[in-house]
Amino acid sequence: MRAKGPTGETLQSQQLDLSFLDAPGTRRQEVLGRLRSVDTSYSNPRLFWGRWSESKWGYWWFIAGGYSAAGDAKRIWHVHNLLVTFDENGTVSKRTLIDDDKSLWGELQTRLAVGPELDLSELIPLEVSSPRNLTKIILAKDSVELLRCKGKRRVLQISPQEIVRFSHSRPDARDHLGITCHTLHLAEKTEWGKSIYLCTTPANVVAIFQYLQQAGPPTMRWD
């Protein structure tokens, strides 16, 4: 078996030992210390998000024909997510291991709904990427500003109330443990179209989640 952390580093089996989480009175600082190799760098006093991938087996492909042949070995990787919730005293109250991203986004949304809100008294700039040259999103109390590095219309400003749906997009070549891709669906067509595709870090995804829960419409759809 092989395992990799959020930044692609190889992990040892002892780094994935979660048994200590079941001990009564386990504190947040111990979780942060012992699981730092899988930490997504999302900072929240009430929630820890760990993410890694494991491969227990692989396969060979082989093509033969004429006077030439080709072959290679591949591994099958599976992503795991660990969500640990802490009470007001910093003690572990719940831990959940999630093996598919579709379930992850729903669980994250539920837990963030009862967590501390974002401070929107100041602008929140987030680095992102997309095939359409999107490089940054700036979250404000009443607006979302999107910036491109190329193109005629490099800046788009919309109200968070115009974002009616947030969906997790199919993985593409950009996706890996430290990056996930999503789509913002808009109520009306803009100069950039009616949807905005973006890829960013787990910490930034959570910030967008929290922001839309606070500033988005009450009928927001989460897919």
For this session: Of all residues in the range 1-17, count the ones that are in a loop (DSSP other than H, G, I, E, B) and either open to solvent by less than 80 Å² (accessible area, probe 1.4 Å) or β-branched (Val, Ile, Thr) (or both).
Result: 7
Seminar exercise, completed: For the range 55-82 the number of residues that are within 30 Å of Val114 (Cβ to Cβ) and modelled with pLDDT under 90 is 3
Exercise. Based on what the data block shows, is Gly33 at pLDDT 90 or above, among the small types (Gly, Ala, Ser) and under 30 Å from Thr110 (Cβ atoms)?
Worked result: yes
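The values are calculated or read from the model by the stated rules, or taken from the named source; none is laboratory data. These numbers were taken from a predicted model, which means no experiment stands behind them. Please note: Cβ atoms are built from the backbone with ideal geometry, for glycine as well, and neighbour counts cover all protein chains shown. We work out accessible area using only protein heavy atoms, side chains counted, and drop any ligands, DNA or RNA first. Shrake-Rupley method; radii C 1.70, N 1.55, O 1.52, S 1.80 Å.
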